[in-house]
Amino acid sequence: MKVTAFNGSARKGGNSTLLINRVFSELHQEGIETELVELAGSPIRGCIACYGCFKNRDRRCTIKDDLVNDAIEKMVASDGILIASPTYFADITSETKALIDRAGMVGRANDFLYRRKAGAAVVAVRRGGAIHAFDSINHFFLISEMVVPGSSYWNIGIGREIGEVEADAEGMATMETLGRNMAWLLKKLKD
């Protein structure tokens with residue numbers, strides 16, 4: 001089994017990565033393979049509503065000059081998907097939104113490619129707006145007919161500067177519980 005995480009932060013190795021890694025540590029203990037894809041430094045365009053994905057039905061977006069088609073392939077090949085984002089003006093980053101919009105359209109155009117895969121949102125926040133960002137990611141999972149595991153609280157870690165999120169004991173514990181619950185869910189879905 002494999003879980004791929006897509007980190008929409010502009011900072012590689014930042015708080016979003018630290019939160020993902022805490023989830024990954026629990027998945028590794030359960031023998032689940034993981035991969036981290038950092039969107040930082042990779043320009044990603046938003047959906048242009050051309051509906052080429054519905055016409056072509058080839059599991060690809062018609063925009064071919066960024067990493068979204070590679071991300072879609074990784075999503076299809078994974079049993080579980082994590083999408084992480086820091087909170088920017090009470091929502092996800094524009095890169096995360098572009099990935100969700102385009103991968104979501106391609107998924108729907110191709111008979112719901114991610115149907116019944118496990119999906120979980122991970123959000124880093126300095127202070128406020130995290131619930132809206134959390135919801136934005138979860139809407140992608142739910143409209144894609146995916147299964148969302150819960151945790152002991154919303155999957156949010158608090159911290160501004162890189163590393164500060166590790167001082168959020170409740171946030172770190174939430175990520176550990178998320179990792180354990182995602183591993184459990186993946187095993188049930190495989191049965």
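The values are calculated or read from the model by the stated rules, or taken from the named source; none is laboratory data. Here the structure is a predicted model, which is why all the values come from computation and not from measurement. Every residue, glycine as well, gets a Cβ built from its backbone with ideal geometry; the counts of neighbours run over all protein chains shown. The accessibility values were calculated without ligands, DNA or RNA, using every heavy atom of the protein model including side chains. Shrake-Rupley method; radii C 1.70, N 1.55, O 1.52, S 1.80 Å.
In the range 171-191, the residues that are over 13 Å from Phe24 (Cα atoms) and part of a helix (DSSP H, G or I) reach residues that are open to solvent by less than 10 Å² (accessible area, probe 1.4 Å) and not aromatic (Phe, Trp, Tyr) with C-beta atoms within less than 7 angstrom, at least six apart or across chains, in these pairs: Gly171/Gly157; Gly171/Val165; Leu185/Ala118; Leu186/Ile32; Leu186/Gly80; Leu186/Ala118; Leu189/Ala118. In the set (1) open to solvent by 20 Å² or more (accessible area, probe 1.4 Å); (2) under 20 Å from Ala121 (Cβ atoms); (3) in a helix (DSSP H, G or I); (4) in contact (Cβ under 8 Å) with a residue 24 or more places away in the chain, Phe54 fails one condition alone, (2).
Close contacts from the range 22-49, counting a first residue that is over 20 Å from Thr93 (Cα atoms) and a second that is open to solvent by less than 60 Å² (accessible area, probe 1.4 Å) and of a type in the set (Phe, Trp, Tyr), with Cβ to Cβ under 6 Å and a gap of 6+ residues or different chains, come to Thr34/Phe24. Just to be sure, is Glu176 of a type in the set (D, E, K, R), out of contact with any Ser or Thr (no Cβ under 7 Å at 6 or more places or on another chain), surrounded by 15 or more Cβ atoms within 10 Å (Cβ to Cβ) and closer than 15 Å to Val3 by Cβ? Spelling it out, Glu176 is indeed of a type in the set (D, E, K, R), out of contact with any Ser or Thr (no Cβ under 7 Å at 6 or more places or on another chain), surrounded by 15 or more Cβ atoms within 10 Å (Cβ to Cβ) and closer than 15 Å to Val3 by Cβ. Restricting attention to the range 76-93, the residues being in a strand (DSSP E or B), in contact with a Pro (Cβ under 9 Å, 6 or more places away or on another chain) and hydroxyl-bearing (Ser, Thr, Tyr) number 0.
Taking the range 99-150 as the range and being outside any helix (DSSP H, G or I), open to solvent by 10 Å² or more (accessible area, probe 1.4 Å) and aromatic (Phe, Trp, Tyr) as the test, only Phe112 passes. If only residues of the range 1-18 that are assigned to a strand (DSSP E or B) and open to solvent by less than 20 Å² (accessible area, probe 1.4 Å) are counted, the one that is farthest from Gly107 (Cα to Cα) is Asn7. Here is the figure for the range 19-37: residues that are in a helix (DSSP H, G or I) and either open to solvent by less than 40 Å² (accessible area, probe 1.4 Å) or of a type in the set (Phe, Trp, Tyr) (or both) total 6.
This table checks each residue for (1) within 25 Å of His132 (Cβ to Cβ); (2) under 19 Å from the mean Cα position of the chain (by Cα).
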residue: Ser42; (1), (2): yes, yes
residue: Asn56; (1), (2): no, no
residue: Asp70; (1), (2): no, yes
residue: Asp79; (1), (2): no, yes
residue: Ala90; (1), (2): yes, yes
residue: Ala98; (1), (2): yes, yes
residue: Asp101; (1), (2): yes, yes
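From Ser42, Ser85, which residue is open to solvent by 10 Å² or more (accessible area, probe 1.4 Å) and either among the polar types (S, T, N, Q) or over 29 Å from Met175 (Cβ atoms) (or both)?
Ser42
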